[in-house]
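Just below is one structure, and these are the notes that go with it.
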Amino acid sequence: MSGLKGQISGEPGNVTELESLSFQQRLAIGLWRLKSERGLTNKDLAEQLGVSEAYMSQVTRGMRDVKLTTLDKMTHVWNVTIEDLFTVAEDDLLRIEASKTRRRKKKISAPSS
């Protein structure tokens, strides 16, 4: 999960690893799941919240704290609960790793200019 503070390397092994995730990491994973399920981009999320795309990018990479008012706005705009945004399952981590692997393969197979 590169890009997240306190990066998790390899496959998630157990509940202890999940419990050691920071709130920033949990929110980043929750936002990744939301984006995946709804086919959204950081730009879409930013527009919906009325924030900059750069800010949203930092939040979705676990590099930026969010205010409680922003979290509240997320729950109302996207019709989710705080728990939805912060709940992380091992399946989430496995899907993220699989997605990153696909991107790496795509990048490697792309012809360089």
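The values are calculated or read from the model by the stated rules, or taken from the named source; none is laboratory data. These numbers were taken from a predicted model, which means no experiment stands behind them. Backbone-built Cβ (ideal geometry, glycine too); neighbour counts: all protein chains shown. Heavy atoms of the whole protein, side chains included, go into the accessibility calculation; ligands, DNA and RNA do not. Shrake-Rupley method; radii C 1.70, N 1.55, O 1.52, S 1.80 Å.
Taking L45 as the residue in question, decide whether it is at pLDDT 80 or above and in a helix (DSSP H, G or I). For L45, the condition - at pLDDT 80 or above and in a helix (DSSP H, G or I) - is met.
Here is the figure for segment 1-42: residues that are of a type in the set (K, R), closer than 21 Å to K67 by Cβ and modelled with pLDDT of 90 or more total 2.
A count restricted to segment 100-113 and to residues that are closer than 30 Å to G50 by Cα and open to solvent by 50 Å² or more (accessible area, probe 1.4 Å) stands at 1. Residues in segment 66-85 that are under 20 Å from L21 (Cα atoms) and either small (G, A, S) or open to solvent by less than 40 Å² (accessible area, probe 1.4 Å) (or both): V66, L71, L85. Look at segment 46-65: where a residue is open to solvent by 60 Å² or more (accessible area, probe 1.4 Å) and a partner is β-branched (V, I, T), sitting 6+ places away or on another chain with Cβ atoms under 7 Å, you get Q48/V77. Checked against the criterion of being in contact with a helix residue (DSSP H, G or I) (Cβ under 9 Å, 6 or more places away or on another chain) and part of a loop (DSSP other than H, G, I, E, B), segment 69-83 contains one or more residues that satisfy it.
Here is a check on your reading of the model: is V51 β-branched (V, I, T), within 14 Å of the chain's Cα centre (by Cα) and in a loop (DSSP other than H, G, I, E, B)? In short, no.
Looking only at segment 86-99, count every residue that is under 20 Å from R38 (Cβ atoms), open to solvent by less than 60 Å² (accessible area, probe 1.4 Å) and not hydrophobic (A, V, I, L, M, F, W, C) and tell me the total. Of the residues in that region, 2 qualify. If you check R38 against the conditions, is it surrounded by fewer than 20 Cβ atoms within 10 Å (Cβ to Cβ) and under 10 Å from the mean Cα position of the chain (by Cα)? For R38, the condition - surrounded by fewer than 20 Cβ atoms within 10 Å (Cβ to Cβ) and under 10 Å from the mean Cα position of the chain (by Cα) - is not met.
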